[in-house]
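Working notes, beginning with the structure itself.
The values are calculated or read from the model by the stated rules, or taken from the named source; none is laboratory data. Everything quoted here is computed from the prediction, not taken from an experiment. Note that we place each Cβ from the backbone using ideal geometry, even for glycine, and neighbour counts take in every protein chain shown.
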Amino acid sequence: MTEATAGARIRLAHGGGGTLMQQLIDQELRPLYSDPTQVLHDAARLKLPHGDLAFTTDSYVVQPLEFPGGDIGSLAVTGTANDLAMAGARPLHLSVGLILEEGLELAVLRRLVVSLANTARQCGVTIVTGDTKVVERGKGDGVFINTSGIGLLATDLAIDPLAIEPGDQIFVSGDLGRHGVAILAARHGLDLHPPLASDCAPLWPVVESLLTAGVQLHCLRDLTRGGLASALAELSGASRLEFLVEEEAIPVAPPVARTCELLGFEPLHLANEGRLVAVVPERSAAATLQILEPLGGALIGEVRANAARVLLRTRFGSERVLVPLSGELLPRIC
């Protein structure tokens, strides 16, 4: 029986940020859009009479609810604010929808509310509306959160995959895989030395610095589910260009590298919540590196005028195709 048959069902892997999730969006959800052929990005750009805005929405289902470096509340605010930033928009306002499970401790809810408020202040956004629902015990995993956000576009340029050109340079804003390993350690009681915290953090300050420096941003993408591998595959497919990245240049913290080596994970598949990939023209490369390198970022590759694929040049000089996972590496992660 194939996925296309009448008996096919949603699987947990359809939410993992990999190829199954992309197939679900392309085959089942695109008819929702007025233009089903449009290139999908982290946030929609809206041209309105009184200004150009960005709009986005996201839902959060992380488990455990609290983890080193953050919690589902801080994750919900930064994740939505970061999606707006990837469109070149300053985050302004958020809505918060809470789905609470019967039996949730009020002490946990109070901590999450404090976290939501504190993180909103950190991101420079205001929470302006919301909704609350309660579901039966065993049907809500503690708390689910949906946040929608509005931001003011800070540039007239379209920052999306269609702007990518051959010769563009590929950057990441910091080391990769921290969020995935922090969730894994919290969930399974792994005693990492030194302890590792999630990289959950707002990305607008980084984007604003790049724009202020005059960097021409062709494309931005925050590295969440599926990690760098999924993000590059999506951008390569949408732009129909080849991405070549250097394994040696990709920053990975030693605790992440050791955990991946021990468990057989690939750091480039691990989730992040405070990292972005930036694709810029070669003339903007020096200015981009000057801003990102002090944050732990790096130049990791380039775009080439070949068929759409992502090539990873290994430490040994060989090249292999870097593909996203088909399903879920770690469920309930963001």
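In table form, for the structure just shown:
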quantity	calculated
Pairs where the first residue, in the range 266-282, is under 15 Å from GLY297 (Cα atoms) and the second is in a loop (DSSP other than H, G, I, E, B) and among the acidic types (Asp, Glu), C-beta under 7 Å, 6+ apart	ASN272/ASP199; GLU273/ASP199; GLY274/ASP199; ARG275/ASP199; VAL279/ASP168; VAL280/ASP168
Residue check for GLU105: over 20 Å from SER148 (Cβ atoms) and under 20 Å from the mean Cα position of the chain (by Cα)	no
Tally of residues being farther than 15 Å from ALA271 by Cα, among the hydrophobic types (A, V, I, L, M, F, W, C) and surrounded by fewer than 22 Cβ atoms within 10 Å (Cβ to Cβ) across the range 165-208	2
GLY297 vs. criteria free of Cβ contacts under 8 Å to residues at least 12 places away in the same chain and not assigned by TED's automatic domain parsing to the domain that holds ASP83	no
Selected residue (only one of SER326, SER284 is out of contact with any His (no Cβ under 8 Å at 6 or more places or on another chain), of a type in the set (Ser, Thr, Tyr) and at pLDDT below 95)	SER326
Residues of the range 45-58 classified as closer than 28 Å to ILE99 by Cβ and modelled with pLDDT of 75 or more, total	6
Given (1) of a type in the set (Gly, Ala, Ser); (2) in contact with a strand residue (DSSP E or B) (Cβ under 7 Å, 6 or more places away or on another chain); (3) at pLDDT 95 or above, index of the condition ALA182 fails	(3)
Test: residue in the range 229-240 that is assigned to a loop (DSSP other than H, G, I, E, B) and in contact (Cβ under 8 Å) with a residue 40 or more places away in the chain	yes
Number of the exception - GLU248 against (1) within 21 Å of the chain's Cα centre (by Cα); (2) over 26 Å from MET21 (Cα atoms); (3) not β-branched (Val, Ile, Thr)	(1)
